[in-house]
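Q: Please read through the structure below; I'll follow up with questions.
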Amino acid sequence: MSETCPLPIRGIDAHAHVFQRGLGLATVRRYAPDYDATLADYLQHLQENGLSHGVLVQPSFLGTDNRYLLAALQQAPEQLRGVVVVERDIAFSELERMAALGVAGARLNLMGQPLPDFTEASWRVFFDHLRRLDWHVEVHRQLADLPALIRPLLALGCKVVVDHFGRPDARLGVEQAAFARLLEQGQSGRLWVKVSGIYRLGGTPLENLHFAEQALSLMLQTLGPDRLLWGSDWPHTQHEQAVSFASEFDCLRRLAGDARLRQYLLCDTAAELFGFVRD
């Protein structure tokens, strides 16, 4: 990590992806982009929207080859942190190397995957490695399966970050039982939720926004603002024609009209979770 003076934090985008055509793709994947989403493009979006820092998350279609993400972190070490996808038998020394480059978490993208048994010995060793590094486990899965997935992670002492409101079906409303169970798990104090990817919630744009407004209110009551953080989800894979960085940032301003709440979503929570040094 660089030892230069930290950049003043004007705002943190806690969920974005970078990649380019020609990279090796995972054998099993749901999607493969036909365009580039470079670090230079991403940093320009941050600047244009008055933000200063970002978190790069390994996209699922690149599998466990994190080289492009790690190279990006090294180009802007004061501005960026990373979340990687790795095999569970990865050596602790390799995780330490990634931590030195600015990685702060490991993502489990379980969309379309068989549900793992986190009580297995190999998983326990993996999660012990993450706890030693003070990394979080980022979980991406439909809401219905999340409470059962998160329970053993919390029991093992892990910090857990849930992507995109927990990927609920907005058409079912905030009354769905799995959403209530997810909020209950927030009482652990070790559960964070990303206010991101509203367009991935299964309904029309209005239905999705209405759900997000109600869900955010409930999450503030149960998890608290210091467990909520915003992400652009740039470049919005599979939804590139419908949304943009600017439109997602505008959506945040509509959701969080209170300046203090925006301070948590855009700065305070992510700064603490990802270890950004504040001036």
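The values are calculated or read from the model by the stated rules, or taken from the named source; none is laboratory data. Given the structure is predicted, the values throughout are model-derived calculations rather than measurements. All Cβ positions, even for glycine, are placed from backbone atoms using ideal geometry, and neighbour counts span all protein chains on display.
Q: Would you pick out the residues in the stretch 19-66 that are at pLDDT below 85 and on the phi > 0 side of the Ramachandran plot?
A: Hit for the stretch 19-66 is GLY22, nothing else.
Q: Filter the stretch 80-107 down to the residues that are under 16 Å from the mean Cα position of the chain (by Cα) and either surrounded by fewer than 18 Cβ atoms within 10 Å (Cβ to Cβ) or more than 27 Å from THR119 (Cβ to Cβ) (or both) and list them by number.
A: LEU80, ARG81, GLY82, GLY102 - these are the residues of the stretch 80-107 that are under 16 Å from the mean Cα position of the chain (by Cα) and either surrounded by fewer than 18 Cβ atoms within 10 Å (Cβ to Cβ) or more than 27 Å from THR119 (Cβ to Cβ) (or both).
Q: Please go through the stretch 7-18 and give me each residue that is surrounded by 14 or more Cβ atoms within 10 Å (Cβ to Cβ) and at pLDDT below 95, ordered by number.
A: Result: LEU7, ILE9, ARG10.
Q: Which condition from (1) within 18 Å of the chain's Cα centre (by Cα); (2) assigned to a helix (DSSP H, G or I) is the one that ALA178 breaks?
A: Every listed condition holds for ALA178 apart from (1).
Q: Out of the stretch 228-238, which residues are modelled with pLDDT of 95 or more and either of a type in the set (Gly, Ala, Ser) or surrounded by fewer than 20 Cβ atoms within 10 Å (Cβ to Cβ) (or both)?
A: GLY231, SER232
Q: Condition first: touching a Lys or Arg at 6+ places or on another chain (Cβ under 6 Å) and crowded, with 16+ Cβ neighbours inside 10 Å. Now tell me which residues in the stretch 128-148 satisfy that.
A: HIS136, GLU138, LEU143, PRO147
Q: Follow-up question, since we're still on this one. Out of all the residues in the stretch 92-112, is one or more over 22 Å from GLY231 (Cα atoms), assigned to a helix (DSSP H, G or I), modelled with pLDDT of 95 or more and touching a Phe, Trp or Tyr at 6+ places or on another chain (Cβ under 6 Å)?
A: No, every residue in the stretch 92-112 fails to be over 22 Å from GLY231 (Cα atoms), assigned to a helix (DSSP H, G or I), modelled with pLDDT of 95 or more and touching a Phe, Trp or Tyr at 6+ places or on another chain (Cβ under 6 Å).
Q: Out of the residues in the stretch 244-279 that are in contact (Cβ under 8 Å) with a residue 40 or more places away in the chain, in a loop (DSSP other than H, G, I, E, B) and not aromatic (Phe, Trp, Tyr), which is surrounded by the most Cβ atoms within 10 Å (Cβ to Cβ)?
A: Per the criteria, the residue is ALA256.
Q: Condition (residue is aromatic (Phe, Trp, Tyr), within 19 Å of SER247 (Cα to Cα) and surrounded by 14 or more Cβ atoms within 10 Å (Cβ to Cβ)) applied to the stretch 42-49: is it met by at least one residue?
A: yes
Q: What's the number of the condition GLN241 fails, among (1) touching a residue at least 24 places away in the same chain (Cβ under 8 Å); (2) surrounded by fewer than 17 Cβ atoms within 10 Å (Cβ to Cβ)?
A: With respect to (1) touching a residue at least 24 places away in the same chain (Cβ under 8 Å); (2) surrounded by fewer than 17 Cβ atoms within 10 Å (Cβ to Cβ), GLN241 is out only on (1).
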